[in-house]
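To start, the structure itself, in structure tokens.
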Amino acid sequence: MLTQNMNGVIAVRLNRGEEIVSCLREVCAQYGVLAGKIDGIGAVRGTTVCMFDLAQKQYHETQLPQFLELTNLCGNVSEKDGDVYLHLHATFADESGSAFGGHLKEAVVGATAELFVTPLDGRLGRKTDEETGLNLLDW
């Protein structure tokens, strides 16, 4: 992993074999980011995305083991129980152009990933909403 603070935006380059979500969590902890915006692109060789089932109040996972282009990663940084909390969504495409996406649980870099973390002033928290079961933004 290679990082650089560029005028307040943290540029991140991940290499083959690195896991995107855990690396982003590490970058946010290292730079003290407790509120922010994340975006990026790249290529993965395996990912797990989730879709939230509101009726069951739980995520259902889909594993995509193949090589995919990461066409868009977006999300935010907040904190829950004193730890960095990432809420990430991603869209992937295969060689035929078919797209897959959802809430990003994990993704192993297959070639590279180019990510940007934009810190925001202040702090964003999370609070579990009993009605939906989701960890909602709270400030």
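Can you tell me which aspartates and glutamates have their Cα less than 12 Å from the Cα of Lys57? Leave out same-chain residues fewer than eight positions away.
List returned: Asp129, Glu130, Glu131.
Please report the relative contact order for region 2-121, taking Cα pairs under 8 Å with a sequence separation of at least 6, and give it as a percent rounded to a whole number. If you can, show how the numbers build up before the last one.
Working: 295 pairs, mean separation 47.7, N = 120.
Relative CO of region 2-121 lands at 40 percent.
When the scattering of region 15-62 is computed by the Debye formula from its Cα atoms alone, each counted once and equally, what is log10 I(q)/I(0) at q = 0.13, 0.16, 0.22, 0.31 Å⁻¹?
Taking Cα atoms of region 15-62 as identical point scatterers yields -0.47, -0.68, -0.97, -1.11.
Taking amide H atoms as placed 1.01 Å from N in the peptide plane, list the residues 5 or more away in sequence, or in a different chain, whose amide H sits under 5 Å from that of Arg126.
HN-HN under 5 Å from Arg126: Glu79, Asp81, Asp138.
Under a point spin-label approximation (7 Å from Cα along Cα-to-Cβ), what is the Phe100-Arg123 distance to one decimal in nm?
3.8
What number, rounded to the nearest 500 deg cm²/dmol, is the helix-based mean residue ellipticity at 222 nm of the chain, given -39500 (n - 2.57) per DSSP H run of at least four residues and division by all its residues? Intermediate values should be presented prior to the final figure.
On the way: 1 runs with 12 residues, N = 139.
Estimated from H runs of four or more residues: -2500 deg cm²/dmol.
HN-Hα J couplings of region 110-116 from phi, Karplus 6.51/-1.76/1.60, θ = phi - 60°, integer Hz, Gly and Pro as x?
Going residue by residue, I get x, 9, 7, 9, 10, 10, 9 Hz, with x marking Gly and Pro.
Once you place label points 7 Å from the Cα toward the Cβ at Glu26 and Ile41, how far apart are they in nm?
That separation, rounded to one decimal, is 2.5 nm.
Within 10 Å of each residue's Cβ, count the other Cβ atoms and sort Glu69, Glu61 from fewest upward.
Working: Glu69 18, Glu61 13.
Sorted ascending by nearby Cβ count, the order is Glu61, Glu69.
If you project the alpha carbons of region 2-121 onto their three principal axes, what span does each projection cover, largest first, in Å?
Reported extents, whole Å, longest axis first: 38, 36, 19.
Tell me which chymotrypsin sites (Phe, Trp or Tyr not before Pro) from region 1-74 have a DSSP coil assignment and no more than 16 other beta carbons within 10 Å of their own. Before the final figure, lay out the partial values.
Details: sites: Tyr31, Phe52, Tyr59, Phe67; in loops: Phe67.
Sparse-neighbourhood loop chymotrypsin sites (Phe, Trp or Tyr not before Pro): Phe67.
Around Thr112, which amide H atoms from residues at least 5 apart in sequence, or from another chain, sit under 5 Å from its own amide H, with H modelled in the peptide plane?
Residues meeting the criterion, in which the H sits 1.01 Å from N, are Ala43.
Could you size up the charge dipole of region 24-93 around its Cα centre, putting +1 on the beta carbon of Lys and Arg and -1 on that of Asp and Glu, and report it in debye to the nearest 20?
Numbers: 5 positive and 8 negative charges, 14 e Å.
Dipole magnitude for region 24-93 comes out near 60 debye.
Calculate I(q)/I(0) for region 84-137 by the Debye formula, one identical point scatterer on each C-alpha and no solvent, and give its log10 at q = 0.18, 0.21, 0.29, 0.31 Å⁻¹ to two decimals.
So the normalised log intensities work out to -0.88, -1.02, -1.30, -1.34.
Using the Karplus equation 6.51 cos²θ - 1.76 cosθ + 1.60 (θ = phi - 60°), what ³J(HN,Hα) coupling, rounded to whole Hz, does each residue of region 18-24 give in order, writing x for Gly and Pro?
Running phi through 6.51 cos²θ - 1.76 cosθ + 1.60 with θ = phi - 60° gives 7, 9, 4, 5, 5, 5, 5 Hz.
FYI, it's all coordinate maths here, none of it is from the lab. Quick caveat, the model's predicted, so the values are computed rather than measured. All Cβ positions, even for glycine, are placed from backbone atoms using ideal geometry, and neighbour counts span all protein chains on display.
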